[in-house]
Amino acid sequence: RHFVTPPPGNVNGEQFLMVAGDTDGFRVRCEITVNSQQYMDYLDILVKPYWSPRGAARFLELVRDKYYDGAAFNRVVPKFLTQFGIGKDFATRTKERELTIWDDFPNDVKFEPGTISFAGSGYDSRTTEIFIVMPGVDQAQLDKF
């Protein structure tokens, strides 16, 4: 047995304990239907909690609760982003969208095509919607993320 005493909480009373492992993160495999449900494919998402502890915890919580099951890609802008995260059940969607998560602490992680992140409308405004940076996005736009 190993006993760990968590560090004191931050100014918001949160405690984070990162345990080292031999992987880059947690893989979430999403089953998706393509082209008006004509065929099925997979979207693999690598969640890296050390990049964004609050965002990773919230995303994994929503996945475990099956919030994204049946959600559609609701916004696709070539050479910019693809967005999803509006749950199919109205009552659940309404409840979850009221729960905002605080922004994670700044880090040196740069956005690039394939990066996934919560969408927001300002500081501490993230809820359930996710965007994926698309190939072909120009550097000026990447610098704004």
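Some observations on this one:
- Residues located in the range 34-60, provided they are surrounded by 14 or more Cβ atoms within 10 Å (Cβ to Cβ) and not hydrophobic (A, V, I, L, M, F, W, C): 48, 49, 52, 53, 54, 55, 58
- In the set 110, 95, only one residue is under 27 Å from residue 31 (Cβ atoms), out of contact with any Gly (no Cβ under 9 Å at 6 or more places or on another chain) and open to solvent by 50 Å² or more (accessible area, probe 1.4 Å); that residue is 95.
- Residues in the range 43-53 that are at pLDDT below 90 and part of a strand (DSSP E or B): 1 in all.
- Residue-level analysis places residue 63 outside the set of residues that are among the aliphatic types (A, V, I, L, M), loosely packed, with under 12 Cβ neighbours inside 10 Å and out of contact with any Asp or Glu (no Cβ under 7 Å at 6 or more places or on another chain).
- From 120, 87, residue being under 20 Å from residue 45 (Cα atoms), small (Gly, Ala, Ser), open to solvent by less than 70 Å² (accessible area, probe 1.4 Å) and in contact with a strand residue (DSSP E or B) (Cβ under 7 Å, 6 or more places away or on another chain): 120
- The range 81-92 residues that are among the charged types (D, E, K, R), paired with ones that are in a loop (DSSP other than H, G, I, E, B) and surrounded by fewer than 17 Cβ atoms within 10 Å (Cβ to Cβ) (beta carbon under 7 Å, 6 or more apart): 88/70
The values are calculated or read from the model by the stated rules, or taken from the named source; none is laboratory data. Because the structure is predicted, anything quoted here is derived from the model rather than measured. Every residue, glycine as well, gets a Cβ built from its backbone with ideal geometry; the counts of neighbours run over all protein chains shown. To get the accessible areas, we keep the full protein, side chains included, count just its heavy atoms, and leave off ligands, DNA and RNA. Shrake-Rupley method; radii C 1.70, N 1.55, O 1.52, S 1.80 Å.
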